[in-house]
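Trainee: Below you'll find the structure I mean.
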Amino acid sequence: MRAESAVRCRRGLWDWLAQPTALFGGVYGLLVSSSAVAALTQFGEVTRAARMDDAVWVLFTALASALAHGYAHQIAHRDAQGHPGIRGVVRAVLAEWPLVVAALPTTLLLWGAGLGWWHSTGIEYVAFGINTVLLLGWGLLASRAAGRTWGRAVRIGGTDALLGVAVALVSTLLK
């Protein structure tokens with residue numbers, strides 16, 4: 001009975017994480033933070049104070065992206081939703097929480113470097129690597145939730161990770 005409850009709870013969490021909104025926000029947030037980190041490799045300073053500024057910059061970039069994305073969704077769906085008013089806009093923006101949460105690993109790595117927990121030189125490469133692994137994980141999660149086999153899910157997740165790296169690098173080159 002206990003094992004059945006644990007399986008049901010784990011399955012509920014899996015289904016919740018595999019929702020399109022969570023997946024979209026998670027992937028989008030990782031791409032935003034990866035693009036920011038890729039830009040830091042080209043233009044960033046490596047002092048501890050600069051890393052604290054970088055952490056704030058990544059977090060505010062994610063927050064601004066969530067705000068813009070939620071607001072754009074609200075405007076795009078205004079006719080279908082009737083008259084949602086301010087509450088509807090707030091709900092639409094708050095629904096973008098996965099985007100901000102996905103940027104937290106990068107923010108925390110940069111913040112930790114700023115506090116001196118680890119070397120600030122090269123931390124952007126570590127953050128970029130972690131984001132790539134997380135993109136693979138999101139792709140794997142989405143594929144498994146869609147009923148793909150483990151082998152197929154790993155291939156799809158790997159492709160998602162490579163595409164994420166390409167998007168982040170192209171975004172950096174265009175800036």
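Trainee: Could you tell me the calculated FRET efficiency between H77 and Q19, based on Cβ-Cβ distance and R0 = 22 angstrom, to the nearest 0.05?
Mentor: After rounding, the FRET efficiency stands at 0.80.
Trainee: From the phi angles alone, apply the Karplus equation (6.51, -1.76, 1.60; θ = phi - 60°) to the range 30-38 and give each ³J(HN,Hα) in whole Hz, x where the residue is Gly or Pro.
Mentor: 5, 5, 4, 6, 5, 5, 5, 5, 4
Trainee: While we're looking at this one, here's another question. Relative contact order (percent) for the range 52-175, with alpha-carbon contacts under 8 angstrom and 6 or more residues of separation?
Mentor: Answer for the range 52-175 is 22 percent.
Trainee: Probe 1.4 Å, all protein chains in place: accessible area of W118 in Å², nearest 10?
Mentor: 100 Å²
Trainee: Any idea of the accessible area per residue across the range 27-175, 1.4 Å probe, to the nearest Å²?
Mentor: Spelled out: the 1.4 Å probe surface of the range 27-175, per residue, equals 56 Å².
Trainee: Another question about this same structure. Could you give each residue of the range 136-149 its phi-based ³J(HN,Hα) in whole Hz, using Karplus coefficients 6.51, -1.76, 1.60 with θ = phi - 60°, and x for Gly or Pro?
Mentor: 4, x, 5, x, 5, 4, 5, 5, 5, 5, 7, x, 6, 5
Trainee: If you stretched the chain out fully between V46 and R91, how much longer would it get, using 0.36 nm times the residue separation minus the C-alpha to C-alpha distance? Numbers along the way, then the final one.
Mentor: Values: separation 45, 0.36 × 45 = 16.20 nm, distance 3.80 nm.
Taking V46 through R91 to full extension adds about 12.4 nm, to one decimal.
Trainee: Once neighbouring chains are kept in place and the probe is 1.4 Å, which whole percent of the accessible area of the range 33-175 is contributed by carbon and sulfur? Mind dumping the intermediate values first?
Mentor: Values: 5680 of 8140 Å².
Its accessible area is 70 percent carbon and sulfur atoms.
The values are calculated or read from the model by the stated rules, or taken from the named source; none is laboratory data. Bear in mind that the values here come from a model prediction, so they are computed numbers and not experimental data. Glycine also receives a Cβ, built like all others from the backbone with ideal geometry; neighbour counts cover every protein chain displayed. Each accessible area value is taken on the protein alone, full model and side chains, heavy atoms only, with ligands, DNA and RNA left out. Shrake-Rupley method; radii C 1.70, N 1.55, O 1.52, S 1.80 Å.
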